[in-house]
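Participant: Okay, here's the structure, questions in a sec.
The values are calculated or read from the model by the stated rules, or taken from the named source; none is laboratory data. Worth saying up front: this structure is predicted, and the values here are computed from it rather than measured. Counting neighbours? That spans all protein chains shown, and the Cβs are built from the backbone with ideal geometry, glycine included. The protein model used for the area step is the full one, side chains on, heavy atoms only, and it has no ligands, DNA or RNA in it. Shrake-Rupley method; radii C 1.70, N 1.55, O 1.52, S 1.80 Å.
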Amino acid sequence: MKTDELINTATALMTGDKGLLAMDESIATSSKRFEEAGIPTTIEYRRAYREMIVTTPNLGKCISGAILFDETIYQSTKKGVLFIDTLKKAGIIPGIKVDEGTVDMANFPGEKITEGIDGLRQRLEKYYDLGARFTKWRAVIIIGEDSPTKGNIEANMHLLARYAALCQENAIVPIVEPEVVMDGDHSLKKCAKVTGKVLKELFKQLAKQKVDLRGVILKPNMVLPGIKSPKQVGIDKAAKATVECLLKNVPPTIAGVAFLSGGQSPQLATAHLNAMHVKYKGKLPWPLTFSFARAIQQPAMDTWKGLDKNIKAAQKLLYTRASLDNAARRGEYTPEMES
Ligand code: 5MM
């Protein structure tokens with residue numbers, strides 16, 4: 001295992017006040033987002049959208065790594081420059097999502113399991129040669145009346161650990177994403193309990209598979225009540241619940257933590273990250289940053305609308321969102337900065 005290379009990549013991804021840009025939507029997810037924004041769901045519109053993102057001026061000042069998707073890693077700008085090279089030139093480390101999405105888990109009604117472990121070693125070798133230096137795998141955990149079950153959590157966390165071991169074998173930093181989804185009417189307390197259980201199992205499985213935590217980044221959900229919960233909570237309470245849960249369950253040796261936004265508005269996701277830094281300044285054993293998709297991209301996508309004339313305005317919004325997240329990582333964000 002090339003330990004130095006792994007640790008160097010992980011450290012670079014977590015550097016300063018930067019964070020990660022998740023632009024790894026599968027075709028199905030991307031189509032869903034485009035339909036909502038009134039953008040045609042063709043391969044050329046997906047390419048043009050990704051070109052708008054990767055050519056955003058000064059993006060490398062805010063973003064340390066960008067997560068691509070299998071389709072995107074082979075695509076280029078109109079001028080013929082591969083996106084992966086455009087990112088590298090901007091000082092952004094290219095990464096790629098390697099899971100192949102979720103399916104219903106046999107014998108576990110209502111629960112999901114992630115596919116993609118077959119042939120992963122060969123895919124990782126290919127992605128490394130193309131220039132990817134980190135990857136991402138997402139497990140989906142659903143809170144329901146009888147879920148998540150122990151069997152579902154164990155199977156998903158085992159896969160995350162097997163994936164992480166294969167990545168490290170190829171000198172690639174794995175981002176492990178065990179997402180407890182926000183759907184449902186569960187309470188903050190329930191989310192904290194389930195997230196804690198999931199994280200505990202994840203680190204147990206990572207240890208069993210001998211994964212070097214110094215070369216791993218955790219991409220967790222924030223601890224929040226379900227979207228339909230009648231008991232929503234304030235920013236400070238959610239930030240406290242999130243950090244307390246992580247402090248209890250995440251070993252200090254991990255390279256860093258980078259949150260998903262999970263359907264929160266861009267402003268709320270930024271405010272939560274900021275509140276964590278304000279409250280726990282100097283008390284966190286790991287770098288704590290963002291790996292948002294919707295919470296960074298949404299305003300830009302809504303403005304772009306698939307039209308060239310809107311590129312500049314959309315890029316400005318993308319850059320602004322990312323730099324507000326930098327401010328949140330420093331604990332310096334205020335809602336007034338939104339205007
Ligand atoms: C949870 O989704 C990840 C983070 O995105 P948000 O910040 O919007 O919650 C995201 O990286 C996700 O894994 C990708 O968009 C790929 O998702 P699909 O469903 O296409 O595999």
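Participant: Taking θ as phi - 60°, what are the ³J(HN,Hα) couplings along the range 279-294 by the Karplus curve (6.51, -1.76, 1.60), each to the nearest whole Hz, with x for Gly and Pro?
Facilitator: Per-residue couplings from phi come out as 6, 10, 3, x, 10, 9, x, 9, x, 10, 9, 10, 9, 7, 10, 4 Hz.
Participant: When all C-alpha to C-alpha distances in the range 1-116 are sorted into bins of 5 Å, what percent of pairs does each bin hold, rounded to whole numbers?
Facilitator: Histogramming the range 1-116 at 5 Å steps yields 2, 10, 18, 18, 18, 15, 10, 6, 3, 1, 0 percent.
Participant: Okay, next question. Quick one: Karplus J couplings for the range 64-78, per residue in order, coefficients 6.51, -1.76, 1.60, θ = phi - 60°, nearest Hz, x for Gly and Pro?
Facilitator: Running phi through 6.51 cos²θ - 1.76 cosθ + 1.60 with θ = phi - 60° gives 8, x, 10, 9, 9, 10, 3, 5, 6, 5, 9, 8, 10, 6, 4 Hz.
Participant: Still on this structure: Which one of GLN122, GLY282, LEU268 has its Cα pushed farthest toward the positive end of the charge dipole of the range 3-330, where Lys and Arg give +1 and Asp and Glu give -1 at the Cβ?
Facilitator: Most positive-ward Cα: GLY282.
Participant: Another question about this same structure. If you scale each eigenvalue of the Cα gyration tensor by 5 and take the root, what three semi-axes come out for the range 3-330, rounded to whole angstrom and sorted largest first? Numbers along the way, then the final one.
Facilitator: Numbers: eigenvalues 154, 105, 84 Å².
Ellipsoid semi-axes (Å, largest first): 28, 23, 20.
Participant: Any chance you could tell me what percent of the C-alpha pair distances in the range 140-283 go past 19 Å?
Facilitator: 50
Participant: Where the only charges are on Cβ atoms (+1 Lys, Arg; -1 Asp, Glu), what is the dipole of the range 97-202 about its Cα centre, to the nearest 20 debye?
Facilitator: 420
Participant: Something else: Residues with amide H under 5 Å of LEU82's amide H, sequence separation 5 or more or different chain, H placed in the peptide plane at 1.01 Å from N; which?
Facilitator: THR77
Participant: Run the helix sum for the chain: -39,500 (n - 2.57) per DSSP H stretch of 4+ residues, divided by residue count, reported at 222 nm to the nearest 500 deg cm²/dmol.
Facilitator: Here the helix-only value at 222 nm equals -14500 deg cm²/dmol.
Participant: Please report, largest first and rounded to whole Å, the three semi-axes of the ellipsoid equivalent to the range 106-148, where each semi-axis is the square root of five times an eigenvalue of the C-alpha gyration tensor. Present the calculation step by step, with values, prior to reporting the outcome.
Facilitator: Values: eigenvalues 196, 28, 3 Å².
Result for the range 106-148: semi-axes of 31, 12, 4 Å.
Participant: Another question about this same structure. Can you tell which of THR253, ALA139, PHE108 lies farthest toward the positive end of the dipole of the chain, using +1 and -1 charges on the Cβ of basic and acidic side chains (Lys, Arg; Asp, Glu)?
Facilitator: THR253
Participant: Ignoring ligands, DNA and RNA, what percent of the 1.4 Å accessible area of the chain is carbon and sulfur? Kindly include the intermediate steps, with their values, before the conclusion.
Facilitator: Values: 7740 of 14560 Å².
Exposed carbon and sulfur together represent 53 percent of the surface.
Participant: How much accessible area per residue does the chain have, counting only protein heavy atoms and a probe of 1.4 Å, in square angstrom?
Facilitator: Working: 14560 Å² over 339 residues.
It amounts to 43 Å² per residue over the chain.
Participant: Dividing the convex hull volume of the Cα atoms of the range 66-141 by its residue count, what figure in Å³ per residue is obtained?
Facilitator: 96
Participant: For the range 191-271, what is Rg from Cα atoms divided by 2.2 N^0.38 Å, rounded to two decimals?
Facilitator: Normalised by 2.2 N^0.38 Å, the Cα Rg of the range 191-271 equals 1.17.
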